[in-house]
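Before any comments, here is the structure.
Each value in this text was obtained by applying a stated rule to the coordinates, not by laboratory testing. Note that the structure is predicted; figures quoted are calculated from it, not measured. Cβ: placed from backbone, ideal geometry, glycine included. Neighbour counts: every protein chain shown.
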Amino acid sequence: MSNLVVLNASNNNFQGLMPSSFCISSSLLAVLDLTYNQFSGNIPGSLGKCSALRVLKAGHNNLTGQLPDELFNASSLEYLSFPNNGLDGVLDDARITNLRNLSKLHLGGNMLIGKLPDTIGQLTRLEELLMSDNNMSRELPSALSNCTNLVTIDLKGNRFTGELTKVNFSNLINLRTLDVLYNKFTGTIPESIYSCSNLNALRLSGNSLHGQLSPRIVDLKSLSFLSISSNKFTNITNMLRILQNSSSITTLLIGGHNFNGEAMPGDDIIAGFQNLQVLSISGCSLSGKIPFWLSKLKSLKMLFLQKNQLSGPIPAWIKNLELLFYLDISNNRLTGEVPLALMEMPMLKSEKATTDVDPSAFERTVYIARGLQYRKLNAVPKLLNLGNNKLTGVIPKEIGQLKSLNVLNFSMNSLSGEMPLQLCSLTNLQVLDLSSNHLTGEIPLALNKLNFLAEFNVSNNDLKGPIPTGGQFDTFPDSSYERNPKLCRVTVDQLCGSAEPSAVSVLSTEQIDRRVAFWIGFGAFFGVGILHDQLVLSKFRGIMDTMGFNIVL
């Protein structure tokens with residue numbers, strides 16, 4: 001195949017070593033794509049002889065070892081991509097300068113160590129620098145400022161240190177994305193960043209940056225995604241007062257700060273955020289009430305206020321946020337009853353709402369609880385989480401109106417009364433947690449019709465009667481029901497008492513009678529008297545053990 005120019009073997013199940021003879025007979029080979037296979041071993045150094053090779057992609061395989069020195073002889077390379085393999089070692093400071101034509105360097109999700117080479121500044125055509133999720137460290141080279149064509153810088157999940165001010169971002173006029181999530185950067189946000197007029201995604205979360213937000217951030221007229229969570233910034237009131245003037249922001253994540261007991265900014269201070277769709281102010285130890293200014297965010301779809309010290313009742317105006325489908329106000333000090341207004345949330349009420357959520361993508365992957373990652377809004381589950389507050393009263397029967405709900409968490413409150421039968425109408429429910437309340441009565445047996453229910457917890461209540469069986473209820477662990485002494489089912493080593501005998505005891509009697517009659521006949525047939533008694537006893541025990549009953553004879 002001497003005239004082969006493009007070979008795309010991606011998204012297959014090829015195994016073994018990555019072939020090393022591509023360019024021996026195909027000197028014209030310009031594009032080689034082996035992504036999403038199961039190739040293992042080292043990258044063959046012979047690829048450096050592919051003088052015409054412009055695109056080399058072999059990400060999402062099982063490749064190991066270092067980038068071979070010979071590979072950097074392929075000086076025509078424009079696109080070098082080996083993400084999500086097991087590559088290690090360092091980026092060679094001298095050899096990388098041979099790739100002067102490189103515009104895309106994708107090496108994220110490996111085990112690379114060392115620093116970003118100072119010579120990277122000589123790759124002046126570089127547009128995408130993706131080095132996330134490695135073990136790289138030390139300060140960023142100031143020469144990175146020379147890569148004036150950079151559009152995307154993704155260095156998240158490394159161990160880079162020092163100050164971001166070493167890089168003069170004002171030279172990077174084409175920069176659209178800067179992501180340094182989960183590193184060890186210190187200092188303040190560089191003022192030069194505010195000169196990147198095309199920047200639409202800025203993520204600085206999970207570092208040790210300090211100080212206050214600069215009013216110059218409003219100069220970033222294209223900024224849509226801003227995440228500065230889990231740093232050491234101060235003065236949330238000033239932060240929100242500044243950001244409210246950034247009308248382009250649709251995703252704002254500022255949680256995970258210790259604002260030293262500051263109060264949630266009030267209505268006389270905050271107005272704006274007209275286009276905000278996702279807001280996280282979680283884990284900030286803020287006091288006060290849920291502020292009324294949130295009710296004016298008509299585009300809001302996801303609201304994270306968990307892990308604060310907010311008090312007072314849940315406001316009735318929450319139902320006026322017609323696009324809101326994700327509300328987490330857990331781990332606060334909220335009081336009062338579960339308001340009926342929550343049962344009127346439009347995006348959680350109708351079945352149609354499950355497909356009507358805006359399918360637009362986040363500018364960057366958003367990480368939600370338990371390591372879940374989301375790139376599109378319509379992939380996020382519909383959630384209502386009021387857990388770990390001081391709510392009282394009953395669970396409203398109107399809960400059955402929330403047909404679109406995927407996750408419902410009322411745990412660790414002081415709710416009383418029975419579990420409403422209307423819970424059985426929530427056919428899209430995947431998680432139901434009502435644990436650690438004062439609920440009484442029985443678990444509605446019809447809950448076993450919830451075919452998508454993957455997690456269920458009613459532990460630490462005062463429920464009674466039989467536990468539902470069948471469907472998903474055959475998969476839940478005993479811990480889902482513990483500390484409810486009046487509940488009964490074989491999986492919790494407790495038979496239903498005299499109040500509920502029919503479902504278990506009658507069935508057992510029929511089975512016992514059949515087995516005993518069989519073994520009596522069997523014994524009579526063989527004419528063995530004493531042996532017959534022993535057989536009946538032993539088989540009877542075996543039958544009961546097989547069924548899971550704990551029988552004492």
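Data for the structure
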item: Relative packing of 338-349, 17-28, which averages over residues the other C-beta atoms within 10 Å, highest first; result: 338-349, 17-28
item: Phi to ³J(HN,Hα) by Karplus 6.51 cos²θ - 1.76 cosθ + 1.60 over the range 121-135, Hz, x for Gly, Pro; result: x, 7, 8, 6, 8, 5, 10, 10, 10, 10, 10, 5, 6, 10, 10
item: R0 of 41 Å, Cβ-Cβ distance Ser51-Asn238: FRET efficiency to nearest 0.05; result: 0.10
item: Separation between Cα centres of the range 274-295 and the range 22-37, rounded to whole Å; result: 52
item: Cβ-defined net charge surrounding Leu279, 14 Å radius [Lys, Arg +1; Asp, Glu -1]; result: +2
item: Built amide H within the under 5 Å cut-off of Arg364, gap 5+; result: none
item: Sequence ranges 61-71, 272-282, ranked by mean other-Cβ count within 10 angstrom, highest first; result: 272-282, 61-71
item: Over the chain, equivalent-ellipsoid semi-axes from the Cα gyration tensor in Å; result: 55, 38, 18
item: Between 0 and 90°, nearest 10: helix 529-547 axis offset from the chain longest Cα axis; result: 40
item: For the range 107-173 and the range 192-252, distance of Cα centres in Å; result: 20
item: Inter-label distance for Ile24 and Asn451, nm, one decimal - labels placed 7 Å from Cα along Cα-to-Cβ; result: 5.5
item: The chain: calculated mean residue ellipticity at 222 nm from DSSP helix runs of at least 4, using -39500 (n - 2.57); result: -3000 deg cm²/dmol
item: Full-extension gain in nm, Gln15 to Thr188, via 0.36 nm per residue minus C-alpha separation; result: 57.5 nm
item: Among 189-198, 401-410, 2-11, the order from most to least packed when residues are scored by Cβ within 10 Å on average; result: 401-410, 189-198, 2-11
item: The chain: angle of helix 507-526 to the longest principal axis, Cα-based, in degrees nearest 10; result: 70
